[in-house]
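Below is one structure; the comments refer to it alone.
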Amino acid sequence: MYILGNWKDRLDVKSSAELAGAIAANAAQEYPNMEIVLFPDDVSLVQVALIFESYPLIKIGAQDGPLEKTGSLTGSIAASNISRFCDYVILGHSERRSKLDETDEIVARKATVASDLGLIPVICVSKGEVSNIDPYLGIRNQIEAIPSRIISRGELLIAYEPIDAIGTGVPADPKNVKEATQVIQNVISNLVPTINVPVLYGGSVDAENATSYLSLEGIDGVLVGGASLTADSFLSIVEKASNIEQAR
Ligand code: PGA
């Protein structure tokens with residue numbers, strides 16, 4: 001099971017290092033059945049990665065990835081840096097899709113670069129384009145835009161993150177999450193029948209509600225924003241996930 005902590009731009013270097021230290025002290029050796037991935041901001045990333053260098057159970061990811069493997073793009077992170085310090089990269093987060101107009105095409109290009117660098121893209125999908133006929137049209141489009149050779153490799157995660165639930169404290173109804181997860185799995189198996197891509201839920205997940213998502217059939221973990229900013233709440237989600245995984 002995957003527990004991802006998306007720190008966004010909420011912590012400075014000092015707070016990021018303190019949080020990483022607290023997680024390392026309490027969890028770094030404890031949950032071999034969990035895939036724990038922390039996503040600090042780019043400035044804190046190296047320091048956080050070095051804290052976990054001797055704890056291979058905890059992985060590091062970047063909150064976005066480069067558009068090109070080599071090039072000259074001001075504001076981008078060098079491909080060699082990202083592959084040196086990260087295992088994962090979040091792509092297509094709805095905040096970037098809406099505030100920076102990141103299109104499915106841009107997400108696909110970044111996913112290709114990330115995948116070629118050996119990183120695991122965590123591709124966020126949300127409602128997107130609205131249609132009266134198909135409530136999942138946006139999600140379908142976002143998934144179908146992912147290059148099929150990346151899906152065929154099976155080395156990616158999909159995070160279902162309904163916009164209304166992100167950062168609002170109003171998480172999605174687990175029934176709706178289950179339905180959306182099924183749609184996502186169907187779209188993927190229509191594209192590449194033999195592959196099983198892990199699907200996560202994200203949007204106001206906290207220690208109280210995590211179990212209602214983690215115990216859903218078809219959900220392989222959670223992408224946590226606000227509740228990943230303190231070691232106690234994040235580790236309590238990890239602990240719940242670990243117990244559910246053990247019981248499976
Ligand atoms: P949230 O953020 O848990 O604070 O809603 C989740 C996300 O944006 O990935």
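Throughout, read-outs are computed from the coordinates displayed, never taken from laboratory work. Everything numeric in this text was worked out from a predicted model, so none of it was measured. Positions of Cβ are generated from backbone atoms using ideal geometry, with glycine treated the same way; all protein chains shown enter the neighbour counts.
What to note about this one:
- Pairs of Lys residues in the chain that lie 8 or more places apart, or on two chains, and have C-alpha atoms under 21 angstrom apart add up to 15.
- Model label points for Asp232 and Asn196, set 7 angstrom from Cα along the Cα-to-Cβ axis, are 3.7 nm apart.
- Based on Cα contacts under 8 Å between residues 6+ apart, the stretch 34-156 shows a relative contact order of 20 percent.
- Ordering Ile82, Ile120, Pro147 by Cα displacement along the dipole of the stretch 2-247 toward the positive end leaves Pro147 in first place; charges were set at the Cβ atoms of Lys, Arg (+1) and Asp, Glu (-1).
- For the chain, adding -39500 (n - 2.57) for each run of n ≥ 4 DSSP H residues and dividing by the number of residues yields -12500 deg cm²/dmol at 222 nm.
- When the charge dipole of the stretch 2-247 is built from unit charges on Cβ atoms (+1 for Lys and Arg, -1 for Asp and Glu) and taken about the Cα centre, the candidate among Ser98, Ala24, Pro193 whose Cα reaches farthest toward its positive end is Pro193.
- Of the GluC sites (Glu not before Pro) found in the stretch 98-191, the ones in coil according to DSSP and having at most 15 other Cβ atoms within 10 Å of their Cβ are Glu129, Glu155.
- Net dipole in debye of the stretch 49-120 [+1 Lys, Arg Cβ; -1 Asp, Glu Cβ; about Cα centre; nearest 20]: 100
- Computed from point charges on the beta carbon alone (+1 for Lys and Arg, -1 for Asp and Glu), the dipole magnitude for the chain about its Cα centre is near 360 Debye.
- Measuring nothing but how far apart in sequence close Cα pairs (under 8 Å, 6+ apart) lie, relative to its length, the chain scores a relative contact order of 19 percent.
- Loop GluC sites (Glu not before Pro), the stretch 1-67 (other Cβ atoms within 10 Å of the site Cβ: 14 or fewer; DSSP): Glu30, Glu53
- Over the chain, the ratio between the Cα radius of gyration and 2.2 N^0.38 Å evaluates to 0.95.
- Highest-fluctuation residue, Lys69, Lys110, Lys14 considered, GNM on the chain with Cα pairs under 10 Å: Lys14
- Remark: the Arg248-Asn141 segment gains 35.3 nm on full extension, using 0.36 nm per residue and subtracting the alpha carbon distance.
- For the stretch 114-207, the dipole from Cβ point charges (+1 on Lys and Arg, -1 on Asp and Glu) about the Cα centre works out to 220 debye, to the nearest 20.
- Length available on full extension from Asn176 to Leu67: 0.36 nm per residue minus the Cα-Cα distance, which gives 36.0 nm.
- Note on Ala78 and Asn33: with the Förster distance fixed at 30 Å, the Cβ-Cβ geometry gives a FRET efficiency of about 0.30.
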